[in-house]
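The values are calculated or read from the model by the stated rules, or taken from the named source; none is laboratory data. Keep in mind that what you see is a predicted model, and the values were worked out from it rather than measured. All accessible areas refer to the heavy atoms of the entire protein, side chains included, with ligands and DNA or RNA removed. Shrake-Rupley method; radii C 1.70, N 1.55, O 1.52, S 1.80 Å.
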Amino acid sequence: DAIPSADQIRITTSLKSQKGSVWTKSKSTFEHWEVEVTFRVTGRGRIGADGLAIWFTEEQGLEGPVFGAADKWNGVGIFFDSFDNDGKKNNPGVIVVGNNGNLLYDHQNDGSTQALASCQRDFRNKPYPVRVKITYYQKALTVLINNGFTPDKDDYELCAKVEDMTLPSQGYFGISAATGGLADDHDVLSFLTFQLTEPGKEVPTPDAEIPQKDKEKYQEEFEHFQQELDKKKEEFQKEHPDVQGQPGKLFEPFFTEDMFETVSDRELRQIFEGQNRIHLEIKQLNRQLDMVLDEQRRYVSAVTEEIAKRGAVVPGQQGQVSQQEIETVVRTQEEVIRQVKEIRNSVADSLRSISGAQHPGPAAGTYETAQHFNDIKEHLHLVKRDIEHLAQRNVPSSEKSKCPELPPFPSCLSTLHFFIFVAVQTVLFIGYIVYRSQQEAAAKKFF
């Protein structure tokens, strides 16, 4: 059921019980390889089916029950499964399944009992095409995915990795898809294959171009296929004049209205998916800020111990030096609080803009984010109060000591170390502010 065109191949249309696949005509002899696939999976339903598969197998796959291709393959299949057969709500997902030619794919459990690696990613109805990069190098298979939220072609994230995996030395690349009671359009925009060479080895010479005779033959096959396709379209329109141009209406009696989403619902869902990613990034940065606060607490503890030691030896001489250092720390903490307030206000404005779509979800997300920053502010106030209390305890108000000479023994905290700490802390927060501004700019693409 695959339909080729000049700029893409529609592996299956959004009709019931479709199967399609495309395979290379000659075997690949690459020892190490990498493929980059760009595709779209789109459909009117809130739930799609069945999914799409990328293959590397010893023999060409025939039509079969595994996402449109045959079972008991010898090689590896990377499955983009959009229908939740086992009811565990872990779809859409990406599953890597290897086979030696004897394994029957476990459809009922979505291959979970046979998966070598997997990740949960939603690849349906994205603003931009989804990109997948699959690398097989030194018996390690790596799957990277671009989620389709950004036009950046290099914005990949790790999905799955399988170590010590042995694949056939020669095989065919292919891509297949299938639909069931529910249906999606599965479109492949590009399928690029690269040979990888180990460092230091001679780069192989590129293969010769396809002969002109073969090009003419392929063009004739393509034109013949197009003619047959046009005839089928005309026959379909004559048989179903009431659904002309709207083949999806053929199957509406099988589904309920809540299985479909309007264009506005889809845009709203994409906005909230983007907001959820922003919220997760904020939570991660909150954990990093907690780590910074822990470092500050350890630093204050070290300062307290040093002041206690010096006070036990020469309490009158060390008071003013420690007081100056502590005042510097207090000023630094006040600057940290001010910067955290600015970050919190900026994030709150962004979340308020996203929540303008009148959905209850964003309000909860905004409140939780604001609560995180309130916790940070409280931690910083506690550090400031402890330092001020420490300064009052170690320097009596009735005693005004003159600037003494420093003791001969080395100090645990030198002025150089202190300023290095302040500089590192400032760089961290400036980097965070720049990162947040970039995230806000990216989030505006959803409006």
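Values for this structure:
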{"quantity": "Nearest-10 value in Å² for the accessible area of His107, using the 1.4 Å probe", "calculated": "60 Å²"}
{"quantity": "Span per principal axis, largest first, for the Cα atoms of segment 7-115 (Å)", "calculated": "41, 37, 23"}
{"quantity": "Carbon plus sulfur fraction of accessible area for segment 51-198, probe 1.4 Å, in percent", "calculated": "46 percent"}
{"quantity": "3J(HN,Hα) from dihedral phi, segment 429-442, Karplus parametrisation 6.51/-1.76/1.60, rounded to Hz, x for glycine, proline", "calculated": "6, 5, x, 5, 5, 4, 4, 5, 5, 5, 5, 5, 5, 5"}
{"quantity": "5 Å binning of all Cα-Cα separations within segment 3-201, expressed as whole percents from 0 upward", "calculated": "1, 8, 17, 22, 23, 17, 9, 3, 1, 0, 0"}
{"quantity": "Listed pairs Lys16/Lys233; Lys19/Lys88; Lys89/Lys126; Lys16/Lys231; Lys19/Lys89; Lys133/Lys213 exceeding 28 Å between Cα atoms", "calculated": "Lys133/Lys213"}
{"quantity": "Amide H contacts under 5 Å for Val66, placed H, 5+ residues apart", "calculated": "Asp71"}
